[in-house]
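Each remark here refers to the structure printed beneath this line.
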Amino acid sequence: MASSYRNGYRGSSSGSMKVDRPVPSSNLKAPSFKSRTSTGSVLRRSSPASLTALDDGVPGRVRVAVRLRPRNAEELAADADFADCVELQPELKRLKLRKNNWDSDTYEFDEVLTEFASQKRVYEVVAKPVVESVLDGYNGTVMAYGQTGTGKTFTLGRIGEEDTSDRGIMVRSMEDIFADISPETDSISVSYLQLYMETLQDLLDPANDNIPIVEDPKTGDVSVPGATLVEIRDQQSFVELLRIGEAHRIAANTKLNTESSRSHAILMVHVRRSVNGREDVISSENGDPSHLAKPFKPLVRKSKLVVVDLAGSERVHKSGSEGHMLEEAKSINLSLSALGKCINALAENSAHVPVRDSKLTRLLRDSFGGTARTSLIVTIGPSPRHRGETASTIQFGQRAMKVENMLKIKEEFDYKSLSRRLEVQVDKLIVENERQQKAFEDEVERINVEAQNRISEKERLKCQMDYMESVKQLEEKLVLNQQKHDCDGFTDGLCNGQGSRLSVAEINNLLEKETNLRKAAEEEVEHLKSQLGQHSQLEAGGDTEVLKLLKIIEDEAHQKKKLEEEIIILRSQLLQSTFEADQMRRCLERSGPGNAYTGLDSSMSPFRHSQFKDSGNGQKASMATLFEQVGLQKILALLESEDANVRIHAVKVVANLAAEEANQKKIVESGGLTSLLMLLRSFEDETVRRVAAGAIANLAMNEANQELIMLEGGISLLSITAADAEDPQTLRMVAGAIANLCGNDKLQKKLRSEGGIKALLGIVRCGHPDVLSQVARGIANFAKCESRGSTQGIKSGRSLLIEDGALPWIVQNANNEAAPIRRHIELALCHLAQHEVNAKDMISGGALWELVRISRDCSREDIRSLARRTLNSSPTFKSEMRRLRIEY
């Protein structure tokens, strides 16, 4: 083949084909992985009766297209007298592979592309549906497979600098992605790698030549966190990165291709798109919408487009590879063979798919049998000399068409946007609360002033009444004096004659004056009585108004209390959202083999480990602010709130506070431990029980708190919760709390008598690795305390763990795949074996063989040494090993 062919060949242009956009995930049913068997002797894929069903297809099935390369200069000269080994029928989507001049095999594909198909048509029928799915939130894969020199790199990686019509799938995919996204809210990041000799290398940073592949143990997602991830804003930046990567890719000159790719190239495009969420309004008891809304939850869709340019399969005698190139060819063929085995296993619905046989199959785990929409283009040549390689390529494509994936949208909450929105809402509520508080205080002041004025008016009226009473008394005295004066005057007149008549006239004048004064006084009294009546009426009306004002004050106080509860809820939501965003970022940064458990103490508190590990100064500052502004007593009081949402948020806040050692003493002294135990005892809500158990697990890290938990019946409550709960997270919290209590020497007998050990062993029914890790930690802590007690002479007799039937589970999980479980169980076995009285039970239970394995194969030197010392120090174990002829 000519050297220019590695970068591509030109085909004549043809009309483009319209491809419908993929159906959204809500309308897609998860496809089963049941393979379809082919029938008929000639049509290898299916009979015509089933062809319609296949055309309708399952949305997750791998779509396969075949592309024929035109003859190159060498083939035109060497094979001039021979017909092509393949015949294409694109209108029927069929391909005939000639066995000889009179016989051929017929195959059907999703698309059949002739040697004249343009690059644009190839992109639209092969890659564009995948790109549109990626923009909708699904993962997608486009892969090229075929013999070396058949045009894979041209189809995928051609940049098209000289002729824009030659642009390959990589360039055209990015053009469509940039045309659909919004630069303000969306982002695109690119990694470009090559798999060379089973080593994953970075094409954008050649110094990074041994990148590890990391798999999520829960979801199975594959990632390469060590690869260079470049965020790009425009098409030109992408083309520059593509040019840099192509320059670093390894190629060599062979008989089949002057620039034969010696590595598999993998382009990863990470698309992050923001999606508008939904805001629900909380209704009050009377049905009216409340001003408090549930938190707005904006969504982020994270999808990934993977474009894989596989190195060409080759036969050594045809390619002429030798020396180092021969080793490269072996590595390429081995990885392609491993990929073929995985495709066969998926197509045949095999129970085991050997994805770990090669790094290539591990990288493509999501593409075949995973959650990605996958399109495969197989490239073939027309030369009859390479009919065997062409047939092998066609068979690979036929098997790939039987593989079905389960498409899933990768959707997450945008915690940063949610946090900002909650901060604004909290600020608004604080301002509104301050405004209402000021109005409330002003109203109270106005009522006080009005009451004082009314009291003053009442005192004035009382004084007037006293004055009227005094006037009345004076009038009575005046009448008496006048009567006495009249009698005396009459007597003097009789005696004095003329003089007495003058005195009587004066007395009459005085009497008339006094009469007038009396009438004026009576009028004044009547006036005062009328004022008194009016005042009584005003006082009665004033009492009613005072009652109304008191009712208003009571309603304002109730509203204030409700606002305070809402503010506490929003603050806790804000704190939780901020923390979850930080935690997610740190989890992504920590993802890698080196982040496994590093010791027994690394999982002391399941609640704290999952929510507060490396939380940072920002999280602590936010918690301290909430602590100061709200107050611990108010938070604990909300645990008894009638509102279920308030109660749930309150217990979450207490659990978060309990994760910090500085807060634990205050929580216990304020009655927080008692309140948490009451919640565990009385509430059936799974969320309340889970978070309360996590808070108790955090408090149980303190030895003083452990004894308080025992005294208040916490062991029995945890045992009952372990028996009732089914949620793995709840069981993990309960197991973590019991595991912390197992590390206290003083609680050994109490734990057994109140069912703590039985409860711990019962939790293993869950089967979740995180739960089993906490159970194993608890057993290791208990065994360590027993071993310490035996050494000090405090304890004698068989282990309580053995008496409660824990040994079979310990032996069964001694070689568990999960490193934390295995490490704890290995320590537990070593501690149990240190007490000679347990030796016979351990031998009969099969534990001796596990001890021997630990002493030889354990990855940790300290545990290996402990196992050796234990075996050497036990006469019973040594005798049994001699009997069994175990070389040690």
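Numbers below:
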| read-out | value |
| --- | --- |
| Karplus-derived HN-Hα couplings along the stretch 835-850 (A = 6.51, B = -1.76, C = 1.60, θ = phi - 60°), whole Hz, x at Gly and Pro | 9, 4, 5, 8, 4, 5, 4, 5, 5, 5, x, x, 6, 4, 4, 5 |
| FRET efficiency, 1/(1 + (r/R0)^6) with R0 45 Å, evaluated for E161 and E686 via beta carbons | 0.15 |
| Rounded to the nearest 10 Å², the accessible area of H352 at probe 1.4 Å | 130 |
| Per-residue SASA entry for T791, accessible area with 1.4 Å probe, Å² rounded to 10 | 120 |
| Links that overshoot a 30 Å alpha carbon limit, given the list K408/K428; K218/K746; K341/K408; K438/K665 | K408/K428; K218/K746; K438/K665 |
| C-alpha center-to-center spacing [the stretch 783-797, the stretch 829-844] in angstrom | 13 |
| Per-residue HN-Hα couplings for the stretch 389-395 [Karplus 6.51, -1.76, 1.60; θ = phi - 60°; Hz; x = Gly/Pro] | 5, 5, 4, 4, 5, 5, 4 |
| Accessible area, probe 1.4 Å, largest first, for residues S470, S799 | S470, S799 |
| Efficiency of FRET between K634 and R243 - r from beta-carbon atoms, R0 56 angstrom, step 0.05 | 0.35 |
| Per principal axis, descending, Cα span of the stretch 641-698 in whole Å | 29, 18, 17 |
| Calculated FRET value between Q531 and I720, using beta carbons and R₀ = 60 Å, to 0.05 | 0.20 |
| Centre separation in Å (Cα based) which lies between the stretch 516-532 and the stretch 668-744 | 82 |
| Positive-pole candidate from Q89, T141, I177, dipole of the stretch 66-185, charges at beta carbon | Q89 |
| Net lengthening on full extension, C463/L510 (0.36 nm per residue, minus Cα-Cα) | 13.9 nm |
| Magnitude of the charge dipole, the stretch 719-769, Cβ model with Lys/Arg +1 and Asp/Glu -1, debye to 20 | 260 |
| Two-site label geometry, A819 and V449: point separation in nm, points 7 Å out along Cα→Cβ | 7.4 |
| 3J(HN,Hα) from dihedral phi, the stretch 345-361, Karplus parametrisation 6.51/-1.76/1.60, rounded to Hz, x for glycine, proline | 5, 5, 5, 8, 6, 6, 5, 10, 10, x, 6, 8, 6, 8, 5, 5, 5 |
| Candidate residues K152, K840, K561, K359: accessible-area rank, largest first, probe 1.4 Å | K840, K561, K359, K152 |
| Unit charges on C-beta of K, R, D, E only; dipole of the stretch 786-888, Debye | 340 |
| Area accessible to solvent at R69, 1.4 Å probe radius, in Å² | 10 |
| Within the stretch 349-392: backbone nitrogen closer than 20 Å to the E198 label point (7 Å, Cα to C-beta) | 353-365 |
| I709, I447, reordered so the largest accessible area comes first (probe 1.4 Å) | I447, I709 |
| Nearest-20 debye value, the stretch 744-798 charge dipole, Cβ charges on Lys, Arg, Asp, Glu | 200 |
| Charge tally in the Cβ shell below 14 Å around S879, where Lys, Arg are +1 and Asp, Glu are -1, S879 excluded | +3 |
| Spin-label pair D209/E348, simplified geometry with 7 Å Cα→Cβ offset, distance in nm | 3.9 |
| Descending principal axes extents, the stretch 806-888, alpha-carbon based, whole Å | 33, 26, 21 |
| Spacing of the two label points (7 Å from each Cα toward its C-beta) at E556 and W102, in nm | 10.8 |
| Extent along principal axes [Cα atoms of the stretch 660-728; Å; largest to smallest] | 32, 21, 19 |
| Extension reserve of the E887-S796 stretch, reckoned as 0.36 nm per residue once the Cα distance is removed | 29.6 nm |
| Distant-in-sequence amide H partners of A311 (H built 1.01 Å from N, under 5 Å) | H264, A265 |
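The values are calculated or read from the model by the stated rules, or taken from the named source; none is laboratory data. Keep in mind it's a predicted model, so treat the numbers as computed, not measured. Cβ coordinates were reconstructed from backbone atoms using ideal geometry, including for glycine residues, and neighbour counts include every protein chain displayed. The accessibility values were calculated without ligands, DNA or RNA, using every heavy atom of the protein model including side chains. Shrake-Rupley method; radii C 1.70, N 1.55, O 1.52, S 1.80 Å.
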